[in-house]
1. Among the residues in the range 407-423, are any among the acidic types (Asp, Glu), part of a helix (DSSP H, G or I) and not assigned by TED's automatic domain parsing to the domain that holds LEU619?
2. Out of all the residues in the range 189-211, is one or more in a loop (DSSP other than H, G, I, E, B), surrounded by 22 or more Cβ atoms within 10 Å (Cβ to Cβ) and either under 33 Å from the mean Cα position of the chain (by Cα) or not β-branched (Val, Ile, Thr) (or both)?
3. Say we look at the range 96-111 and pick out the residues that are at pLDDT 65 or above and not in a loop (DSSP other than H, G, I, E, B); which of these is surrounded by the fewest Cβ atoms within 10 Å (Cβ to Cβ)?
4. Would you mind telling me which numbered condition in (1) in contact with a helix residue (DSSP H, G or I) (Cβ under 9 Å, 6 or more places away or on another chain); (2) modelled with pLDDT under 95; (3) within 27 Å of LEU617 (Cβ to Cβ); (4) in a helix (DSSP H, G or I) PRO833 fails?
5. Name the residues in the range 166-193 that are free of Cβ contacts under 8 Å to residues at least 60 places away in the same chain and not polar (S, T, N, Q), would you?
6. Exactly one condition in (1) out of contact with any strand residue (DSSP E or B) (no Cβ under 8 Å at 6 or more places or on another chain); (2) over 20 Å from ALA54 (Cβ atoms); (3) not in a loop (DSSP other than H, G, I, E, B) is not met by VAL275; state its number.
7. Condition first: of a type outside the set (Ser, Thr, Tyr), under 17 Å from LEU536 (Cα atoms) and buried (at least 21 other Cβ atoms within 10 Å of the Cβ). Now tell me which residues in the range 485-508 satisfy that.
8. Just checking, how many residues over the range 792-806 are part of a helix (DSSP H, G or I) and surrounded by fewer than 16 Cβ atoms within 10 Å (Cβ to Cβ)?
Amino acid sequence: MAPALPTIPAPRANTADVPGARNQVHGRDDVLARLLDVCRPSSGVRLAVVTGPAGIGRSAVLARTRELLAHCGVGTVDIRLAREECPAACLTTRLADELGAPATLSSPMSLNRLLTAVTERRGPLAVFLDDAQRIGPRRLPELVRLIEALTCAQVTFVCAVRTPFAASRTALDPLRHAGLVHEERLRPLSAPAVRRIVSDRLQAVPTPELLAAVRNASRGIPAFVHGAVDAHVHGDCVQVVDQHACLGANRSPRLWRAHPLAAGLRELGAPYWLVLKALSLLHPLSGPVPALIAEVVGLSEQRVREVLRALREAGVLRCGKGGTAWTFRVPLLATVLDACLGPFERRRISARAVTALWRGEASCADHNYLPKRLAGAGRLIDPERAASTLIERSAAARPDEGELADSWASAAARLVTDPARHAEVLHRHAVTCGLHLRFDSVAQSARTVLLAYPDQLTDDSLQEALILHVLGLAARDPAALRDLADDPPGPLTGRAAQHVVTRAAAFCLLDQWGRAYDELTRNSQLWTEAGGSTALFGTFLSAVVGAVLGRSVPTGCPGGQVDAVGTTADVLLIVARALDFFAELYEPWRPELPHRDRTRAELTLRAGLFGKWDEALVLARSSIAGAATSGRAGVPVTVPHTMAAIYVARGQLKRARTVIEAARSQHPLLSHVLAAPESELEATLGAHARSRACIERGLAHAAESGALLGTDMLLLRMTIAELHRGNLAAAQRCAARIEQIAQRLGTPGARRYHLLARVLVEHDAAAAAELVELAEELGRPFELACALGTIAASGLGDGKTVLRAYELFGDVDALIMRVRLRRLMRERGISVPGRATTVSENERLLATLVADGLTNAEIATVLGATSKSVEGRLTRLFQRTGLKSRAELATAALGGRFRRAS
């Protein structure tokens, strides 16, 4: 006997902790307006029906409509229906009770008299019936006849009906033919409506990637939109960075077992609940899915097929590929049900899925499905075969699949028992997790293999494991790393030459470049003669230390270079990324990676350098969000440095300061370079003493660590500060130090700072020409614009120089620099191009500075104007926009009203 069509309880969104979530309806303004319109007595409508599937927001629309009608002076009555079928006589009794009349009504005529009397006394009335499908198909015609018989024109019934509900199609025909019914079918929310929900929930601007993930999981159904947000938050997939809600890397959405969305499904009971849970793991398969479900839940295949068909008719499932593929209409349901699986259920279902794939009984288009099920099946399947597949798939995981790679390699380690094989798998797990910046797992596996299986490792693998362990500690426990760096040779520090290289790596990761240099040079013969990966890592670290200090350091490889292969190449890449500061850092063995294989931090720096600033900010936020699981090693200092420099140039000073402070709290390597944008920020505000103090602190920190790299940009800022004070001699001394640094570092960047200093201090025309040539050769628009602007301000360029700089600054929306150049143009009688653009930029910058909380005097300093001039600009801006106060202006600016037109 086929099971009855299940009554799917309505999904309940988890909005209890959401500010202002009560009766808040997004994306339904048009629907609400039409419902308000039909509830007017003159509309002639007796019944308004709101339809849609479970979770679409029917109840929320009714509640909001009732609020709005009450606000307009229309009386409302709310009648809640029980789950069982409800006869019309019961409804009339309930209605009479709500209206305060004797509960003796039994006919439409008596109800008509009551409603007429009530509306004559109180005015128009709207009667709300939520979940009207509970009336039942047999009783629905009674309600229709009752409404059809009403003669009181001031009463409108507003009903919500969950679909599918076939009885409503024919039962409402009499009212349709008489023009007495208005129907509203609620559709999935639009992208803007989903964006507003996510923004309200997270109190941040959601990124397009996060919005796409939420919409795909929820299909735009409001209850599931909230559930998808819950899943991303609970799964630690979302990080709020720079006022933006970003998808963090290497995490999968997950829900808790008692989530409200699961409650309704659990109420279905057996067999629906059992079948749905099994399908949560089996739905990606194509093949005999009903038979597989029947096997794991202990039902007949015929019974399972009947249940699946009933769930399809109820709107829960879809069926495709000739009945061989069963999927959820709302993908989030699989996540909801997955959270409800017990450990043994998961292992049993996963094992059956694996055997179906291995035997060729079923197939799956998702290349990640098999390793997921292998990891879930445990030892219920062939452990050796499973471990081999898991290791292979974890090594092939994409950069955004770090959590999967970690779990697969970890599962493989649990499956193998042979000591040598176990050591190999643990080592591979540490390497894989390092490539995905999952340093907790790196430290754990590296420590285990070093302490439990040192005799099972080759010398090369042992050195790799030592380096990986150091990297893991650097990311998560710098204090433990400091202790380790001072430890004598041992299991976690290596023997002799390995100990030297491991300590040097630790010193680098502790930002102690002088100590790393001493360790490598003092013991150069020991590690250079060791050969293998020890000499390779020693040579690499020597190159890095040499680049940071501007010194020559011994190498252990011919020509200072060795071709790394296998896991050695992988570990070298991990270390290179952990020590990756600037594009010009010497990395002789690092290949030119394809775009898809570069980290977000690498892409951030490239986008920033090559003038793609909006892209750089998006990548930077994503990089920081993804590094939430990576610790300090996840985000090199170039990321916050790039962000802060962009924000200062664009006048978003508060955001720049926030970025700098957040970065400093993470203690990144070479953090002294953050003093450069911080100094520029303070100088922009006219706080020249604080600007100078920033530079001094940065230089002191660099001296303490022994780093020379990055000090040239600080000394250039000091040169500008000394010139501002009128101290030419001090500025010349700074320029001389910059020249020495350029000679020691030997990079194009260092040469650029030297040439800038010569232009500023000496007004050297030859240096200016070389500076422009170098900037054009590097192909970095902002650096070229700064070079041209500096040349123009130093009196070495003509009008074309100024205009070219002005145009380049405009390309990256560097509003502060554009303001400064406009002042220079006015001083030199150069016409400023694009009056409309100038007005728009001034308004955007003014709104941005007001939103940052600056006073008129501070804004005047930034703009190079007077307080009275700023007051006049604000007055004109208020008049043009209709805004009434600084608070309204700040709100509009933060909401994106003054965003640059694309």
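The values are calculated or read from the model by the stated rules, or taken from the named source; none is laboratory data. Bear in mind that the values here come from a model prediction, so they are computed numbers and not experimental data. A quick note on method: Cβ atoms are made from the backbone with ideal geometry, for glycine too, and the neighbour counts reach across all protein chains shown.
1. If we filter the range 407-423 for residues that are among the acidic types (Asp, Glu), which is where we start, we get 418.
Now narrow it down to the ones that are part of a helix (DSSP H, G or I): none.
So far as the range 407-423 goes, no, none of its residues is among the acidic types (Asp, Glu), part of a helix (DSSP H, G or I) and not assigned by TED's automatic domain parsing to the domain that holds LEU619.
2. The initial filter retains those residues of the range 189-211 that are in a loop (DSSP other than H, G, I, E, B), namely 189-190, 203-204, 207.
Next, from what is left, pick out any that are surrounded by 22 or more Cβ atoms within 10 Å (Cβ to Cβ): 189.
Retained after the next criterion (residues that are either under 33 Å from the mean Cα position of the chain (by Cα) or not β-branched (Val, Ile, Thr) (or both)): 189.
Yes; the residues of the range 189-211 include at least one that is in a loop (DSSP other than H, G, I, E, B), surrounded by 22 or more Cβ atoms within 10 Å (Cβ to Cβ) and either under 33 Å from the mean Cα position of the chain (by Cα) or not β-branched (Val, Ile, Thr) (or both).
3. Top of the filtered list is MET109.
4. Unmet for PRO833, out of (1) in contact with a helix residue (DSSP H, G or I) (Cβ under 9 Å, 6 or more places away or on another chain); (2) modelled with pLDDT under 95; (3) within 27 Å of LEU617 (Cβ to Cβ); (4) in a helix (DSSP H, G or I): (4).
5. Residues of the range 166-193 that are free of Cβ contacts under 8 Å to residues at least 60 places away in the same chain, as a first pass: 166-167, 169-171, 173-174, 176-178, 191.
Residues satisfying the conditions are ALA166, ALA167, ARG169, ALA171, ASP173, PRO174, ARG176, HIS177, ALA178, ALA191.
6. Of (1) out of contact with any strand residue (DSSP E or B) (no Cβ under 8 Å at 6 or more places or on another chain); (2) over 20 Å from ALA54 (Cβ atoms); (3) not in a loop (DSSP other than H, G, I, E, B), only one is false for VAL275: (2).
7. Step one: list which residues in the range 485-508 are of a type outside the set (Ser, Thr, Tyr), which gives 485-492, 494-501, 503-508.
Add one more test, that the residue is under 17 Å from LEU536 (Cα atoms), and what stays is 494-501, 503-506, 508.
Within the range 485-508, GLY494, ALA497, GLN498, HIS499, VAL500, VAL501, ARG503, ALA504, ALA505, ALA506, CYS508 qualify.
8. Step one: of the range 792-806, the residues part of a helix (DSSP H, G or I) are 792-793, 799-806.
Right, trim to surrounded by fewer than 16 Cβ atoms within 10 Å (Cβ to Cβ) and you get 799-800.
Residues flagged as part of a helix (DSSP H, G or I) and surrounded by fewer than 16 Cβ atoms within 10 Å (Cβ to Cβ) within the range 792-806 amount to 2.
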